[in-house]
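Before any comments, here is the structure.
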Amino acid sequence: MWSFFENKHFVRLGYPQRLTWRRWTMRFFRPALREEAPSTDNRRKILDASQHLFAQQGFGNTPTSQIAKRAGIAEGTIFRYFPTKKDILIELVTSGWVTILTDLLTELSQMASYTHVENVMRNRMRDMHSNMDLMKVCFFEAQFHPDLRDRVHSEVIARMLDVAEDFFQTAMDRGAYRPMNPKVVARVFLGMFTIAGFSDQTMSGGGSIGQILEMDEMVRGISDIFLHGVVARPES
């Protein structure tokens, strides 16, 4: 699948052969992230503490004093790295979505066959399930802040759609998928991925065998619908 990088559609997006796929996607999405000073231990502590607290009790219900206490720093230290509490949320959500989508694109690029969508979806759902705090902040908190939601869509998701569109166009060029509008296919695929991310099976805190089996069943169903549709095929 790495030959996908050499196709004319992907080259249009500026992929240089000397970069690995993951490094390129992080660079491609970089405009979504604020320019910051190099990361420090305190900055990481602030982000980790905020991510957990925002996920558990919400952005509005989390004072900076509580963030500082969980991070083990003085409250004033927070404002050396983030001018406002909202800036912490912006950093968490934008960088979180970059991580989510970069991981998805990386796995797509390494897929052994264009029909192995189920494996990709399953791996991503399990990863999202194991990073529950990040998922809650990225999927839920951003919805209460229209400016942040719009920024994520215009700077991150729109770029993701560009890359996904070229991926599916390549699959069509190679005869793996029937000819369709690749932009529509990309939107359908990401829409299914997002809905799966919002599902109870993904967002529930438990990890019982029953919940894992339910998640796998959901993944199989979504993948089957994406690849084969829902219309019954006449028996041959």
Members of the stretch 87-129 found to be surrounded by fewer than 18 Cβ atoms within 10 Å (Cβ to Cβ) and not in a helix (DSSP H, G or I), listed by number: GLN110, MET111, ALA112, SER113, THR115, HIS116
Among GLY210, GLY197, GLY175, the single one that is more than 24 Å from CYS138 (Cα to Cα) and modelled with pLDDT under 80 is GLY210
Quick one: what pairs do we get from the stretch 82-98, first residue in contact (Cβ under 8 Å) with a residue 24 or more places away in the chain and within 10 Å of VAL152 (Cα to Cα), second among the aromatic types (Phe, Trp, Tyr) and surrounded by 21 or more Cβ atoms within 10 Å (Cβ to Cβ), C-beta under 8 Å, 6+ apart or different chains? VAL98/PHE29
Within the stretch 138-165, the count of residues that are more than 12 Å from the chain's Cα centre (by Cα) and closer than 20 Å to LEU53 by Cβ comes to 7
Checking ARG174 against (1) touching a Lys or Arg at 6+ places or on another chain (Cβ under 7 Å); (2) farther than 20 Å from LEU104 by Cα, which test does it fail? (1)
Looking at the stretch 150-172, I want the residues that are at pLDDT 85 or above and of a type in the set (A, V, I, L, M) and have a partner that is buried (at least 19 other Cβ atoms within 10 Å of the Cβ) and part of a helix (DSSP H, G or I) with Cβ atoms under 8 Å, at least 6 apart or on another chain. Which pairs are those? LEU161/ALA186; ALA164/LEU105; ALA164/LEU108; ALA164/ALA186; ALA164/PHE189; MET172/PRO182
In the list LEU148, LEU104, LEU134, which residue meets the criterion of being more than 27 Å from LYS85 (Cβ to Cβ), of a type in the set (A, V, I, L, M, F, W, C) and out of contact with any strand residue (DSSP E or B) (no Cβ under 9 Å at 6 or more places or on another chain)? LEU104
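The values are calculated or read from the model by the stated rules, or taken from the named source; none is laboratory data. Just so it is clear, the model here is predicted, and its values are computed rather than measured. We place every Cβ from the backbone using ideal geometry, glycine too, and count neighbours over all the protein chains shown.
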